[in-house]
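Take a look at the structure set out below.
The values are calculated or read from the model by the stated rules, or taken from the named source; none is laboratory data. Quick caveat, the model's predicted, so the values are computed rather than measured. Note: ideal-geometry Cβ built from the backbone for every residue, glycine included; neighbour counts use all protein chains shown.
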Amino acid sequence: MALNLPKQPPLKFATPKGNERERLIRMRTALVMGSPFYGLLALRLKFKEMPEIVTAGTDGKGFSYNPAYVAALTDSQVKGLVAHETMHCCNGHIWRRGTREPRLWNIACDYAIDPVLVRGKFDVPNETVNPAWLGWAAEQIYPVLLEEVEKQKQSGGSGKGKPQAGDGEGDGQSAYQQALDQLFGSGPTKGQVNDAPTQSMIQDQAAWKQAISSAAQVAKAQGKLPSDIEMMVDNVIKSRVDWKSLTSRFAQQVAALDYTWRAPSTRYAPMGLYLPKLRSEHVGPMVFGWDTSGSHFDKKTQEATAAEVIELMRAVQPEKLYVAYCDASLQGTMELDPNDSPKWKPKGGGGTDFRPVFDWVEEQGIEPACLIFMTDCMGSFPEGAPPYPVLWLSTIEPEKLGSYMPHFGETIFLDI
């Protein structure tokens with residue numbers, strides 16, 4: 001498929017006139033009247049003038065903007081910019097980056113957003129538009145862009161390895177940054193999202209889901225809800241219904257093996273999930289933390305946990321799956337192959353401490369593709385994040401977690 005990766009045209013700036021905030025408010029009001037879905041959600045973002053940033057950005061609460069950048073835009077483009085930042089929040093881009101390189105993740109998010117906005121007749125400044133990617137998620141677009149950057153590095157530089165968060169920072173001439181500049185133009189793109197989600201930002205996800213549902217209902221009642229947006233809303237609202245597929249998707253995205261989106265798997269397509277196919281036969285070793293504490297030891301929850309492990313083995317087929325039972329201490333471990341039919345013997349009933357599982361992984365010298373922990377999160381976390389991706393399957397909703405919200409990794413909330 002032709003990628004159609006035009007360089008971003010030079011950003012335009014003008015001398016601020018002092019009415020940039022007024023224009024933003026006026027265009028947001030126009031959205032409320034003409035495109036209520038975008039407009040009502042944009043009301044959640046507080047405008048904040050920040051001359052130190054290049055263009056504009058959002059953290060899920062505020063809309064930060066460079067007044068010189070906004071001053072150079074037409075009213076139509078300002079309206080498109082407000083819709084663009086709102087779409088970052090609607091799609092959860094602020095919370096979904098994980099360990100992906102920030103700038104390339106932001107570009108992938110723009111590619112996911114802008115075709116929808118252009119199709120909705122919005123004037124998006126410096127749009128990143130590839131019609132072939134209409135309906136693609138940023139997680140699907142990112143590995144395709146990353147592959148192009150790697151090819152560019154091979155042809156124009158000597159950099160090695162895939163970028164991680166912070167790769168190339170402080171060295172504007174790194175091979176990765178050079179390849180990125182050659183493909184997309186120098187400097188950051190518009191609509192930047194924060195580098196890493198804070199605890200309060202993660203808690204905001206539930207509030208955004210409710211707001212998205214409400215805004216969609218209002219827009220639909222007025223006959224102003226585009227079909228593309230209606231599909232997106234359905235996916236957002238139903239995101240934790242099919243939790244097994246969501247877990248499989250996370251594992252496949254982060255596993256350190258050779259996945260491809262070029263020929264997506266169709267197994268979960270009827271559920272709106274487009275998962276990658278493996279180019280090779282096995283995923284690297286994975287670890288599953290099994291909470292057996294007293295607050296999580298009821299029959300229903302334990303059966304749900306067992307079902308999740310079975311689904312994980314079937315859908316992902318890791319090279320090896322290590323299961324660690326843990327309450328306040330490590331209560332036992334299992335080492336499973338993809339074709340095993342395990343007999344579960346969870347032990348526990350005490351307090352909750354997640355640290356023994358992470359300590360055990362380190363002591364055993366295991367280098368997992370990722371660690372998945374199913375728990376109510378009401379326990380003691382390690383002080384820092386491990387050197388591998390972590391997914392928390394929380395059986396408690398975010399508004400009830402408070403200080404027990406995981407401070408690293410990605411969190412998915414399950415309704416079991």
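Against the condition touching a residue at least 40 places away in the same chain (Cβ under 8 Å) and under 19 Å from MET286 (Cα atoms), how does PRO389 come out, does it pass?
Yes: the conditions hold for PRO389.
Just for segment 229-247: of the residues that are in a helix (DSSP H, G or I) and exposed (fewer than 15 other Cβ atoms within 10 Å of the Cβ), which one is modelled with the lowest pLDDT?
ILE237
Matching residues to (1) touching a Lys or Arg at 6+ places or on another chain (Cβ under 6 Å); (2) modelled with pLDDT under 90; (3) surrounded by 20 or more Cβ atoms within 10 Å (Cβ to Cβ); (4) of a type in the set (Ser, Thr, Tyr):
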position: ASP359; (1), (2), (3), (4): no, no, no, no
position: CYS370; (1), (2), (3), (4): no, yes, yes, no
position: MET374; (1), (2), (3), (4): no, no, yes, no
position: GLU410; (1), (2), (3), (4): no, yes, yes, no
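Can you pull out the residues in segment 118-148 that are closer than 20 Å to LYS209 by Cα and assigned to a helix (DSSP H, G or I)?
ALA138, GLU139
Residue pairs, Cβ under 7 Å, 6 or more apart or interchain, first in segment 329-356 and exposed (fewer than 14 other Cβ atoms within 10 Å of the Cβ), second of a type in the set (Lys, Arg). List them.
GLU335/LYS320; ASP337/LYS320
Tally the residues that are touching a residue at least 60 places away in the same chain (Cβ under 8 Å) and in contact with an Asp or Glu (Cβ under 9 Å, 6 or more places away or on another chain), restricting the search to segment 38-58.
Qualifying residue count for the region: 3.
Taking segment 295-317 on its own, how many of its residues are surrounded by fewer than 14 Cβ atoms within 10 Å (Cβ to Cβ), within 26 Å of the chain's Cα centre (by Cα) and charged (D, E, K, R)?
1
Filter segment 218-227 for residues that are surrounded by 15 or more Cβ atoms within 10 Å (Cβ to Cβ) and either part of a helix (DSSP H, G or I) or touching a strand residue (DSSP E or B) at 6+ places or on another chain (Cβ under 6 Å) (or both) and give the result.
VAL218, ALA219, LYS220
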